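Here is the structure we will look at.
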Amino acid sequence: MQKRFLLLGSLFFLGITFGTAQWTQKKGTGYYKLGAWFLEADQHYTDKGLLDPNATRGIFVTSLYGRHGITDKITLVGYIPFTSVYQNEQTFTSGNPGQPGEVVNSIGDIDLAVEVQILKRPKWVLATSLTLGIPSGNNSGGSDGSYQTGDGEFNQILKVLAGTSFKIAKHSFYAKGSVGVNNRSNGFSDEIRLGLETGSQVFKNKFLLLVRLNTIQSFYNGSLSAENSNGSIFANNVEVTNLGGEINYFLTKKWSASFGYSIPLSGKNIYKAPALAGGIAYKL
Amino acid sequence: MYKKILFFISFLLYLSCIGTDVTDDYVDPTLRITSPQIISIKVGQKFQFTAKYFDTSGTQIENPNLIWTVSPPDALTIDDSGFATATSDGDATIQVSVVTALGNTISAETSFTISKAVTVITETTTTTTDTGTTTTVSNTNTSTTSSNTSTLTDTGSTTSTSTTGTGTTTTDPDSTTNTSTTTEVEEPVVTETTTTTTDTETTTTVSNTNTSTTGSNTSTLTDTGSTTSTSTTGTGTTTTDPDSTTNTSTTTVDNDVVVTAPQSYQGTIQTTSSYKLTGSYEYGLNDAGQLVLDIAGDYEASTALPGLYVYLSNNPNSTSGSYEIAEVTVFNGAHSYTLPSSIDISDYKYILYWCKPFNVKVGDSTIF
């Protein structure tokens, strides 16, 4: 579940702040972002999708995200997270000994991806991407192995992405959608990932407002369970549907700052908590 | 712009500070009689009562100031340590109380029956009879009177017997022959063998005295060793020949305190969360005398539960001060946990299933 902490944030805050339905970078251009996101949860969705309490855990991720066009149709993407996972100190009203707070800092799972533009038309574009989730994080951190900054397995996410732009009352909008399959190893269940996003630039194009709805659904075809892997189960059979928004403020033509907020609408085996994010981006 | 960036990052860092979760672990203080539960005890017997006091967090308080009382007061005597002696028969109640840190008095009690003591006596009496003989005494009367007296002194028996015979004087004045015959019936000589049984408190002596020469005798038991006198009578038969008597009397006594230490408890584990966790169990001593938690075949737990552990605790809301039995590795079907000998069956009141990473209770059961 700890790894799935990461999903709650990364689902939303890795997005690039394009104002149009352009999926790949042009050759020699790029987008680079120093970001951070945070959430703290004292409840979680159970395997039945119900809510149960838990000791308060938080995660703070500082990340470097970059995408660079090596051709007009091929973009390389990289994401390097630096993750801090913590749990609150546990105390009792009686004064009896509790459990001290704990924190684990580690690099997380690095994502490397290549995006390929398949079709491009004036009003829409079609692309595909392959993301490799490198198990560079710690999947057994902390005193009990549950302070995970990675799931310890090799993710391979194949996505198809489509986008379009349109106008409503002479105001320009864009919309994007994606369908992806995450082929997971080491006994983890495979996943399907769906995403929708729409946004528009406002206030003389100084701000970009966008809304995202993402979901992850499990195929439940993995073999991991509490019976055979008490630690890794945190990251298996996870489902979540998340709704969030983001405000991007263009400081200059190249620099922008963002602030995002998202909440899980439903889920299984995942913490329930809103996520906050911010970042500074540079557009080359 | 850089100040804005710095402010923004500082704000996010502030959000990630480790805080404190506070769990309310209050439970009502409890006082528990932990000595085996008595069904019955006999007058004169002694028993050590014990009790444990747990405070508002379920933590056992060492050496509490326990106050022991008896109802009715003359049923037993009991000292400050809970050591009791039964003094009279009837129903009785032992109550123990303690004053909590908040000044309240809490108590616990146990009731049982006190019965009269009975002693087992196996008595064997052997009577040996001196063979009865007929002694003929002849003497010669040397006097000229018409009568004479003969005296028989039988030194061969344990009892002297004398008899007087009379004779007839013949016409010959110079010679009188007087013959008297005496038949002596000798009293039986009784040799008794007495078996004495000693009860747990004092020695009870049985004395058996044969007081008659008739064919039966009576033995009387007087038990002066217990607080209640018990007597019994046995009868024997003397045969006419070969002059022996065997007398046996038997009385039954039970020297044990009848107790019923709870040997096992049965219950059901129930989920306290949204995770599936259910199953029945038996908690008690096995044939080898080991304390065992036997989970039955109807047990089932969600395999989505990470870091699940099972505990014994005196606080249903906390694992602080509890005993961690084991990490749960069986999620379906029967299995068991053998507990160390240092744990008594009455030491813990609750079984807890606890998710360690979430630090939250998933299920529980109240043992007693």
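The values are calculated or read from the model by the stated rules, or taken from the named source; none is laboratory data. Predicted model, so just to flag it, every value in this text is computed and none were measured. With ideal geometry, Cβ positions are generated from the backbone for all residues, glycine too; neighbour counts draw on all protein chains shown. Only protein heavy atoms, including side chains, enter the accessible area calculation; ligands, DNA and RNA are left aside. Shrake-Rupley method; radii C 1.70, N 1.55, O 1.52, S 1.80 Å.
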> Which pairs break 20 Å Cα to Cα here: A:LYS26/A:LYS204; A:LYS159/A:LYS272; A:LYS204/A:LYS254?
Replying inline: A:LYS26/A:LYS204; A:LYS159/A:LYS272
> In degrees between 0 and 90, to the nearest 10, how far off the longest principal axis of chain A does helix A:2-13 point, with axes built from Cα atoms?
Replying inline: 20
>> Report D for chain A in µm² per second (integer): Stokes-Einstein, Kirkwood Rh on Cα pairs, 25 °C, 0.890 mPa s.
In response: 126
> Rounded, prolate or oblate: which fits the range A:107-217, taking a ≥ b ≥ c as square roots of the Cα gyration tensor eigenvalues, rounded meaning a/c under 1.5, else prolate when a/b beats b/c?
Replying inline: prolate
>> Checking buried surface per residue: for the range A:121-153, which residues lose a minimum of 10 Å² accessible area in the protein assembly relative to the chain alone (1.4 Å probe)?
In response: A:ASP144
> At the nearest 100 Å², what buried accessible area, both sides summed, do you get for B and A when the probe is 1.4 Å?
Replying inline: 3700
>> Can you tell me how the range B:256-357 classifies by the Cα gyration tensor, rounded, prolate or oblate, using a/c under 1.5 as the rounded cut?
In response: prolate
> Rounded if a/c is under 1.5, else prolate if a/b beats b/c, else oblate: with a ≥ b ≥ c from the C-alpha gyration tensor eigenvalues square-rooted, which is the range A:178-278?
Replying inline: prolate
> Which percent of the accessible heavy-atom area of the range B:263-366 goes to carbon and sulfur, probe 1.4 angstrom?
Replying inline: 40
> For A:LEU284 and A:SER223, what is the calculated FRET efficiency with R₀ set at 56 Å and r taken between the beta-carbons, to the nearest 0.05?
Replying inline: 0.80
> So which residues in the range B:21-47 end up with at least 40 square angstrom less accessible surface once the other protein chains are there, compared with the chain by itself, probe 1.4 angstrom?
Replying inline: B:ASP21, B:THR23, B:ASP25
> Rounded to the nearest whole Å², what accessible area per residue is found for the range A:2-283 with the 1.4 Å probe?
Replying inline: 41
> Once you list every other residue whose beta carbon is under 10 Å from the beta carbon of A:THR71, what net charge do they have if Lys and Arg are +1 and Asp and Glu are -1?
Replying inline: +2
>> If I compute solvent accessible area with a 1.4 Å probe over the protein chains, what percent of it on chain A is carbon and sulfur?
In response: 63
> Can you pull the mean other chain C-beta count within 10 Å for peptide A:91-103?
Replying inline: 6
> List for the range B:307-341: residues with 40 Å² or greater reduction in accessible area, all protein chains versus chain alone, probe 1.4 Å?
Replying inline: B:SER320, B:PHE331
